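Notes for the one structure printed next.
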Amino acid sequence: MRQEAPTFETQLKRNALAIETLLGHLLGLGIEPDEIARPENLLGAMRHGVLNGGKRLRPFLVIECASLLGGSFDAALRVGAALECVHCYSLVHDDLPAMDDDDIRRGQPTVHKAFDEATAILAGDSLLTFAFDIIASPETPLADAQKTALVLALARAAGHGGMAGGQALDLAAEKSAPDEAGIVTLQAMKTGALLRFACEAGAIVAGASASDRQRLRSFGEKIGLAFQLADDLLDLTADAETMGKATGKDAARGKGTLVALHGQAWAENRLEQLVAEAEALLEPYGERSSILAETARFIANRRN
C-alpha cells in the first residue's frame, strides 16, 4: 500500500519534536572534550530559553529545504538545532530591560525574570557561541567545506550586518521613525536574515548547485518579508494570550512598520503577493516542494 505524504502540520510537529529532543540532549550536563565544566545555573537558563516550546520554524525550513534537494536529515537536524540556538539567543537578549523589556515569552517568564539579567546575558552569549560549536562538531555529518560555508553564512546572517544590526536599527527607530525603505531594510535584517539563512542552509547541507542555493535563498527572503509583515499585523490585532507575549508595543512606542504606514488592507494584500512570489520560486521543483509552499502560506496566515 502506498504511504501518503505527511501533511504540513504533521511534518511541522514531527520536526519540532526532533529538534526539541536533540536540543535537550545537546544542552545536557555532560561535558564535551575541551570543555572544563557546565555551570548548572547557566545551563538551566540556556535550557529555559530554548526548551520552551515554539513552532521551530527556522530549523523546519533547514530540514525541508535540505530534503527537497536530497540532503541528509541528520545533518540538517543539527544545523537546524544550531540555528534555533541563535534564534533563541536573540529572544533572550531581546526580552531584556535594555531592549524590548518583556516579562513573558511563549507563555512563560522570560529568562531574566526566571533567573536574573546577568545570567540571561550569559545564557544568550552561550547559545550564540554554541550554535557554531554544533555546526563545526565532528558529529555533524558534513564535509569541512560545507561546515565552513554554513559558519560564514550564519555569522553574516546573525551579526552586525544581519540580525544584530537589525535590532540596532529597531532600537534607533523608537527615537527617529525610518522611512519605508528604512523599515524594509530593518525588517530584512532583524527578522528576514535568519529565515533566509534557514532556506539557503538546506541547500548547503544538500551540496546543491549555486542556482538552487540562490533560488532557496530568494524563497527565504520572500517568506522573511511575509513573516515580519504578519507579525506586525498580529501586534496590531492579536491579544497577548494568543501570542504568548505582549502585543500592541510597536504602536505604543511609535515604531514605524509597514502596517502603520499603509494600513491593514494593504498589508493583507501584500502578504498575498509575497506568498505568490514565494510559490513561483518553487515551481521548478513541482510537487516535491508542496510542503514548502504550504509553509509560505502558513507564515502569511498564522495567528500567533
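Exactly one of these conditions fails for Gln214: (1) at pLDDT below 95; (2) part of a helix (DSSP H, G or I). Give me its number.
Just one mismatch for Gln214, condition (1).
Mind checking which residues of the range 103-123 are open to solvent by 30 Å² or more (accessible area, probe 1.4 Å) and assigned to a helix (DSSP H, G or I)? Step through it out loud before you land on a result.
Going residue by residue through the range 103-123, those that are open to solvent by 30 Å² or more (accessible area, probe 1.4 Å) are 103-109, 113-118, 121-122.
Within the range 103-123, Lys113, Ala114, Glu117, Ala118, Ile121, Leu122 qualify.
With the condition kept exactly as written, say whether any residue in the range 70-82 is farther than 21 Å from Ile134 by Cβ, out of contact with any strand residue (DSSP E or B) (no Cβ under 9 Å at 6 or more places or on another chain) and not basic (Lys, Arg).
yes
Return yes when Ile135 is buried (at least 19 other Cβ atoms within 10 Å of the Cβ), at pLDDT 95 or above and of a type in the set (Val, Ile, Thr) and no when it is not.
Judged against the criteria, Ile135 is a match.
Tell me which helices (runs of 4 or more DSSP H) are completely within the range 1-102 and hold 2 or more residues being open to solvent by 70 Å² or more (accessible area, probe 1.4 Å), or say none if there are none.
8-26, 40-50, 73-94
What tally of residues in the range 217-233 results from selecting those that are open to solvent by 10 Å² or more (accessible area, probe 1.4 Å) and in contact (Cβ under 8 Å) with a residue 60 or more places away in the chain?
3
Identify, please: which residue in the range 87-110 is within 15 Å of Lys55 (Cα to Cα) and modelled with pLDDT of 95 or more and is, among those, nearest to the chain's Cα centre (by Cα)?
Across the range 87-110, the extreme among qualifying residues is His87.
Look through Ala149, Ala208, Ala164, Ala168 and report the one residue that is open to solvent by less than 70 Å² (accessible area, probe 1.4 Å), more than 22 Å from Leu23 (Cα to Cα) and outside any helix (DSSP H, G or I).
Exactly one of Ala149, Ala208, Ala164, Ala168 is open to solvent by less than 70 Å² (accessible area, probe 1.4 Å), more than 22 Å from Leu23 (Cα to Cα) and outside any helix (DSSP H, G or I), namely Ala208.
Here are some residues: Gly244, Gly254, Gly286, Gly248. Which one is at pLDDT 95 or above, at positive phi and either open to solvent by 20 Å² or more (accessible area, probe 1.4 Å) or of a type in the set (Gly, Ala, Ser) (or both)? Full working, then the answer.
On the way: Gly244 fails: at pLDDT 95 or above; Gly254 fails: at pLDDT 95 or above; Gly248 fails: at pLDDT 95 or above.
Step by step, each of Gly244, Gly254, Gly286, Gly248 is checked, and only Gly286 is at pLDDT 95 or above, at positive phi and either open to solvent by 20 Å² or more (accessible area, probe 1.4 Å) or of a type in the set (Gly, Ala, Ser) (or both).
Which condition number does Arg213 fail, the rest of (1) open to solvent by 20 Å² or more (accessible area, probe 1.4 Å); (2) under 16 Å from the mean Cα position of the chain (by Cα) being met?
(2)
Which one of the conditions (1) free of Cβ contacts under 8 Å to residues at least 24 places away in the same chain; (2) surrounded by fewer than 14 Cβ atoms within 10 Å (Cβ to Cβ) does Glu180 fail to meet, given that it meets all the rest?
Condition not satisfied by Glu180: (1).
Being open to solvent by less than 80 Å² (accessible area, probe 1.4 Å), over 22 Å from Lys55 (Cα atoms) and of a type in the set (A, V, I, L, M): is that true of Ala280 here?
On the way: open to solvent by less than 80 Å² (accessible area, probe 1.4 Å): yes; over 22 Å from Lys55 (Cα atoms): yes; of a type in the set (A, V, I, L, M): yes.
Against the criterion (open to solvent by less than 80 Å² (accessible area, probe 1.4 Å), over 22 Å from Lys55 (Cα atoms) and of a type in the set (A, V, I, L, M)), Ala280 qualifies.
Tell me whether the range 178-194 contains one or more residues that are farther than 22 Å from Arg217 by Cα, part of a helix (DSSP H, G or I), modelled with pLDDT under 95 and in contact with a helix residue (DSSP H, G or I) (Cβ under 7 Å, 6 or more places away or on another chain).
yes
The values are calculated or read from the model by the stated rules, or taken from the named source; none is laboratory data. What you see is a predicted model, and the numbers here were worked out from it, not measured in a lab. Using ideal geometry, Cβ is built from the backbone for each residue, glycine included, and neighbour counts are taken over all protein chains shown. What goes into the accessible areas is simple: the full protein's heavy atoms, side chains included, and nothing from ligands, DNA or RNA. Shrake-Rupley method; radii C 1.70, N 1.55, O 1.52, S 1.80 Å.
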